[in-house]
Every structure is written in structure tokens, then in C-alpha cells.
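The values are calculated or read from the model by the stated rules, or taken from the named source; none is laboratory data. Owing to the predicted nature of the structure, the values given are computational and were not obtained by experimental measurement. Counting neighbours? That spans all protein chains shown, and the Cβs are built from the backbone with ideal geometry, glycine included. Side chains are part of the model used for accessible areas, which takes the heavy atoms of the whole protein and leaves out ligands, DNA and RNA. Shrake-Rupley method; radii C 1.70, N 1.55, O 1.52, S 1.80 Å.
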Amino acid sequence: MSLIFEPKPTPVVEISGSKQKFPVNRIYCVGLNYIDHVLEFGENPKKVRPVYFMKPADAVIADGHNVPYPAHTKNFHYEVELVIAIGKRGSNIKESEAEDHIYGYAVGNDLTRRDMQISLKNKGMPWGPSKGFDKSAPISAIYPANIIGHPKKGRIWLSVNGVIKQDSNIDQMIASNSKIIAELSELFVLEPGDLIYTGTPSGIGAVFAGDQMDAGIDGIGTLMNRVV
Ligand code: MN
């Protein structure tokens, strides 16, 4: 087989404590997965269910790298999230076996053109471009589960220019990591290299060029990016 052009290199994420990299296959995201965030979004936690969407694999951007302020928004939002890195293929995965498919965990930031998302949502249109744009998926190094285990609780936070904006705990997630893997693997074959952004707690808000976003999850790691 000959290709008409050289394909782009596979996007990769650092692995903490290793020279090896994690090659990214797909990026799945969960929306509306913390009760306090469902409430701030004006939805009823009893009526909504976590929703799934995607970003392109090459939207990943590493810790310490700059995020360009994207076009077509005047309300550019951060969302700190726990990220699951999948290490083993599977479909219709049982919740009880889901952790076998997890390679590790990272801290992510699900960057969002909020004004575009709300406008498209209000029109009943798909809101893909408000979420799946270039460099919309900052991510820390991945921390392997065989070193840090499978954290079930831990403070999750994000600050802008040193001021805390989001401050919650991953034990407040509506759907657990295992539940998310079970549900997603009914919709898609999960592959090694898949990343799952598992949703953000309350406190979402806007950033502007020059702002520094610091984020972290106790027991996992930290992530810093500047908007330029
Ligand atoms: Mn999100």
C-alpha cells in the first residue's frame, strides 16, 4: 500500500516517571457528571443523565504549553476533569471488570466555547465545534494505575491567576469511572490509547489571553496552561 501523503504523527501524552509516551486514539468526554455542575447549568439532576461527546485526538495539549484563545467565542471556559487513560481493548465491558481496562489517570481541562455551545444547544443543533476545536484538550502526564492505584476520592480544583474557581472532590461524580467505561463500551469499542474526560464540577467560568490556569487532583497530579 502506498499513501498519497505522509500521515501526521500520532498525538502522544507524557507518562509520569517514564520516557515512554501514551499514543492517543480517541478522546471521549462526559458532560453533566457532577450534581453541583448540573445545577449551575440550570438542569435538574434528577432528570439529566451524563452525556457523551468527543474531541479530536490531536486536540491534546501538554502541561506547561500555551493555549491560543480560539476564534468565534467571547466566553472561553475552563473545566477541570479527571481523565481516564484506557490501556486494554473492550466492548460491553462489565462495571466489575472496568478497572482492568484502565492504564492510568490524568488531570484534564475540557476547554469550551461556552457562548457557541449555549447558542447551538438552544437551537437544538449539535454543539461539536464548541468543544472539539484545536488544542481544546489540555492534559497532564498520565499516572499509571499500577503506581497510584484507582483513586475513588480526592480534591479536584482549578485556579485562574492563583484564585480558586473550582473546588470539589472526585467522589462527587454522578457516574463512576467504571460506570462510564461500561456505558461507553456499549456505544464504542474502547481501544488502548482512548482518553475519557469524566466531567467537571461547578465553578466554570471564563479565561482571557494572559490568564494562567492551574489545576490538580489530589492523589493524581497537576496541570498548568496559559492562555495566549
Ligand atoms: Mn466537560
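Data table
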| read-out | value |
| --- | --- |
| Candidate set from the stretch 13-57 (those that are more than 15 Å from the chain's Cα centre (by Cα) and aliphatic (A, V, I, L, M)); member that is modelled with the lowest pLDDT | Val48 |
| Unique residue being farther than 24 Å from Ala145 by Cα, free of Cβ contacts under 8 Å to residues at least 60 places away in the same chain and small (Gly, Ala, Ser) when the list is Gly210, Gly205 | Gly210 |
| Whichever residue in the stretch 1-47 is aliphatic (A, V, I, L, M) and part of a strand (DSSP E or B) and, among such residues, is nearest to the ligand (Cβ to nearest atom) | Val30 |
| Unmet requirement for Lys131, which otherwise passes all of (1) farther than 15 Å from Leu223 by Cα; (2) open to solvent by 10 Å² or more (accessible area, probe 1.4 Å); (3) of a type outside the set (A, V, I, L, M) | (2) |
| Conditions (1) free of Cβ contacts under 8 Å to residues at least 40 places away in the same chain; (2) of a type in the set (Asp, Glu); (3) within 14 Å of the ligand (Cβ to nearest atom): number failed by Asp100 | (3) |
| Tally, over the stretch 135-150, of residues that are in a loop (DSSP other than H, G, I, E, B) and touching a strand residue (DSSP E or B) at 6+ places or on another chain (Cβ under 9 Å) | 5 |
| Residue within the stretch 185-197 that is among the aliphatic types (A, V, I, L, M), within 23 Å of Asp63 (Cβ to Cβ) and modelled with pLDDT of 95 or more present | yes |
| Every residue from the stretch 69-94 that is out of contact with any helix residue (DSSP H, G or I) (no Cβ under 8 Å at 6 or more places or on another chain) and loosely packed, with under 12 Cβ neighbours inside 10 Å | Ala71 |
| Residue match in the stretch 111-128 (condition: open to solvent by less than 10 Å² (accessible area, probe 1.4 Å), within 17 Å of Leu195 (Cα to Cα) and away from the ligand (no atom under 16 Å from the Cβ)) | no |
| Residue within the stretch 147-162 that is charged (D, E, K, R) and surrounded by 14 or more Cβ atoms within 10 Å (Cβ to Cβ) present | no |
| Any strands (runs of 3 or more DSSP E) falling wholly within the stretch 59-122 and containing at least 3 residues that are at pLDDT 95 or above and within 29 Å of Ala182 (Cα to Cα) | 60-62, 80-86, 102-109 |
| Search result, residues across the stretch 114-129 that are within 16 Å of the chain's Cα centre (by Cα) and under 14 Å from Tyr52 (Cα atoms) | Gly128 |
| Any hit, the stretch 130-137, residues being polar (S, T, N, Q) and within 14 Å of the ligand (Cβ to nearest atom) | yes |
| All positions within the stretch 180-210 that are open to solvent by less than 10 Å² (accessible area, probe 1.4 Å), more than 15 Å from the ligand (Cβ to nearest atom) and either in a helix (DSSP H, G or I) or on the phi < 0 side of the Ramachandran plot (or both) | Ile181, Ser185, Leu190, Asp194 |
